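See structure below.
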Amino acid sequence: MSGTDPLSLLSKKKKEEAAKKPTGVPTPAPTTATSSSAHLGDVDDVFGSLSKSTGPRQGSTSAATSSLFGSGPPLETLPSRTTSAPSATGGSGSLFGEEDPFKANFASPSSSYGGYPSAPSASSSSYGPSGLSGRGEGEMRRRDEAKAAIGGALTNAFSAVNSLLKTGANTTSSAVPSSIPGQGLAALASPAFQGGIPPSQSQYKTTTFEDILPGEMVHAIMKECFLVVTNPLMELRGRLLATNYRLKFQTQRGVLRPELQWMRTVSYYDVPLGAIEDIKPEQSTSTAGVTEYKLKVCTKDLRTLMFVGTEFQDWRSTQEIVARLGVPGNSSLLFAIAHATAIWPKDQKSWVGQEVDGWSIYKANQEYARQGIPTDPDNNPSCPWKLSRLNADYQLCQTYPAVLVVPKAMSDNHLWAVARFRKRGRFPAMSWCGGPELEYASLWRCSQTTEGLMGSKCSEDYQFVESIRQGGRGIEGRDLLVIDLRPWKSAWANKAGGGGFENGHAKCRLVFGNIDNIHAVREAWRAMGNAVANVSDGDVGSWFKDMANSCWYDYIGAIMSSTHKVIKEILDHKSNVMVHCSDGWDRTAQVSSLSMLCLDSFYRTQEGFLILIQKEWCSFGHRFRTRLALGEPPSGEYSPVFIQWLECVYQLVKQAPQSFEFTPSFLLRLANEVFSNRYGTFLCDCEQDRQKMVAPDSISFWSVVLRSEDKATWQNPDYQPRRGAMVPSITQADYFVWEEYWWRFHPRGQQMASIKAAYQTVPPPLLATI
């Protein structure tokens, strides 16, 4: 290390300061574990020493760092993790007993109960969370000088320390039981950890907190827990609650620094079990013989949280709760059921004051009638389409809705033959019709054919596609536009595996949409998240480069381009369009629903937007459970396809904000709620499973957001109702970064007014029945 290295300069400065200090200064007695303040110690960061202890805990990061910085006073002093934990039962027998000083901290009138501390008092030092340090100006100045001297080398130093602790300095203790074999959420979801937990078996069943939800119950507590914060690098001391709904970290009142208050606003430490993508338990023993139990939680919304505990049993119990209640492998065991049971009055399936039954918001007959499709074909001979109830028992296609629209010319026998020829039985079905105003021009969706390389044909499928082409009253003899949403290479690869596309149809104009598959979407989403994480104020960084390399907005552009083709074909030529991908439930849902949002102003209203999602995503079989890993560990099929679509909608809203009755903040709320497992709306992969497994015993999310008091929170005050279609711009120069989504868990987000506005209005919660 050269003499001009920042660490060397800092080490030299520390040694000089230590040499100037007078000798013979008595060492204060260390804090004991018997005082009430020891139950939840003061929290320190890497540039301050707010703890009453005199030095770093043995084996801690601060101890190792001080050796790098020289023999002078340590740069960081954190409270010991070996301090006794708060009593599991307070003086009254409850975890929050009156004699428990932890409760006194949380129940104080000035606290923000429910896991997040109130803002520091006005008398707090600007260098510490609650003004407890007692430093003079000289110490503050030395700290600032240390910050300047370290610069960017601090991160590298701590990386080196962590690496050192993981290798030579740490060893796994043989005296402590090992972690769950095959660490990770998939291992935790093994049969040994499956199944629900009866409320009577929870020793914390009487534990409560301010924002606890109806039906929510605490099942495990890491009573002595530290949360590692990386920006700024520090540790927050508190406790971690594991309920049947979430992981909730609670800190002592007043310890959260002003620059971290944004974490409280966005519920950074509140993680629904459904939002956990992976949890990695680790345990290690330091050179001082102190065993640390770590839980690294990676979420589906780009958060990474590291919890460090001191008690093995608490650590183990928390893992078990996440496995049993977060990924039970059965949608009927998720929190949505307990939540509804606690809200509904006895023997009823609605709560007092419920205005709308969200499960019946989409009525197929009524919606298609609005589009000009008669319930009785004889009532409108000019309409070439008809309602079909052939799939009422879901035997024709298990992943399609019960009510469908097909060409009048097709008999039931034809439908059965076409379903056998299309992958997974997903034959062409109508998504939207323009009615007599557009001469019944319509949009159809399906899956790929199963012709394979040998080019097997199905005459019934050919007749079906021809009936769609002839059904429209557009330009006579115009070929049917078929948009295969896959890249052409992927389409041919699928053909080699037994799939196919409509290149053999004489009167079809085949166009490839070049939208990449779910795996590419998943990797692009992760890369975009990394691009956000790499942004640091004060550094030039590589934001534009990283964002471009993620290809996230390239994929959104491909969806927008295919949507534009659909809109122009229907509006300009009054002709029908058919779209499909491989299975017809991912890219197909994105393009069909985005096209309908542009073509039909009804879907741009609040209620209409919910009907659109229920129809094109839930009823037509987008695999929410599989794609978002709801109730099961993420698999190779995990992909945030729905989140990608929400950002496409965000682009439309930003281009024409007055054309939408809902605000962009509702899109963010959807992005949050889809992972919560609080309602049954998104829990299954198709309409059939949802109606059988969760709808009878859970609440629809639409019932909640359509309450009058809730609806007002996401209504656009500048909305101007306009009939007719909108044609979006597809050039990337007109795209906007969805800041409310990407930056909400980043320090930069606290500076953005749009993010603050998105969290400013909190809808009133549902209440439990008494």
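The values are calculated or read from the model by the stated rules, or taken from the named source; none is laboratory data. The structure presented is a predicted model; accordingly, all values stated were derived computationally and were not measured. FYI the Cβ positions are ideal-geometry reconstructions off the backbone, even for glycines, and counts take in every protein chain you see. Note: accessible area is taken over every heavy atom of the protein model, side chains too, but ligands, DNA and RNA are not part of it. Shrake-Rupley method; radii C 1.70, N 1.55, O 1.52, S 1.80 Å.
Here are some notes:
- Fully extended contour minus Cα-Cα distance, from Gln691 to Ala520, at 0.36 nm per residue: 58.4 nm
- For the stretch 518-525, Karplus couplings with θ = phi - 60° (6.51, -1.76, 1.60), whole Hz, Gly/Pro x: 5, 5, 5, 4, 4, 5, 5, 4
- Net length gained if the chain between Cys298 and Lys205 were fully extended (0.36 nm per residue, minus Cα distance): 30.8 nm
- Shape call, the stretch 513-591: gyration tensor on alpha carbons, a/c limit 1.5: prolate
- Oblate is the label for the stretch 451-520. Its Cα gyration tensor axes, ordered a ≥ b ≥ c, give a/c of at least 1.5 and b/c at or above a/b.
- Pairs with C-alpha atoms separated by more than 25 Å, drawn from the list Lys300/Lys346; Lys346/Lys692; Lys248/Lys654; Lys363/Lys565; Lys457/Lys495, are Lys300/Lys346; Lys248/Lys654; Lys363/Lys565.
- Along its first, second and third principal axes, ordered by size, the stretch 322-398 spans 56, 33, 20 Å in Cα coordinates.
- Euclidean distance between Cα centres, the stretch 479-551 to the stretch 297-321, Å: 34 Å
- Size of electric dipole in the stretch 393-443: Cβ of Lys, Arg +1 and of Asp, Glu -1, about Cα centre, debye, nearest 20: 380 debye
- For the stretch 228-374, the spread of Cα positions along each principal axis, largest first, Å: 77, 34, 30
- Surface accessible to a 1.4 Å probe, Leu273 within the full protein complex, Å²: 10 Å²
- Accessible heavy-atom area order of His622, His573, highest first, probe of 1.4 Å: His573, His622
- Length gained when the stretch Ala369-Trp492 is fully extended (0.36 nm per residue, less Cα-Cα span): 40.4 nm
- Note that the stretch 701-748 presents 48 Å² accessible area per residue, ligands and nucleic acids not counted, probe 1.4 Å.
- Total formal charge among the other residues, if their Cβ is under 12 angstrom from that of Ile518, Lys/Arg +1 and Asp/Glu -1: 0
- The rule of thumb for compact globular proteins, 2.2 N^0.38 Å, goes into the C-alpha radius of gyration of the stretch 657-703 1.37 times.
- Per residue, the solvent-accessible area of the stretch 484-533 (1.4 Å probe, heavy atoms of protein chains only, all protein chains present) comes to 42 Å².
- A simple packing score, the average count of other Cβ atoms within 10 Å per residue, orders the peptides 507-517, 593-603 as 593-603, 507-517, with the highest score first.
- Rounded, prolate or oblate (a/c below 1.5 giving rounded, otherwise prolate when a/b exceeds b/c) for the stretch 373-429 by Cα gyration tensor: prolate
- Within the full protein context, the accessible area of Asp537 is estimated at about 90 Å² for a probe radius of 1.4 Å.
- Accessible-area order (highest first, 1.4 angstrom probe) of the listed residues Thr285, Thr208: Thr208, Thr285
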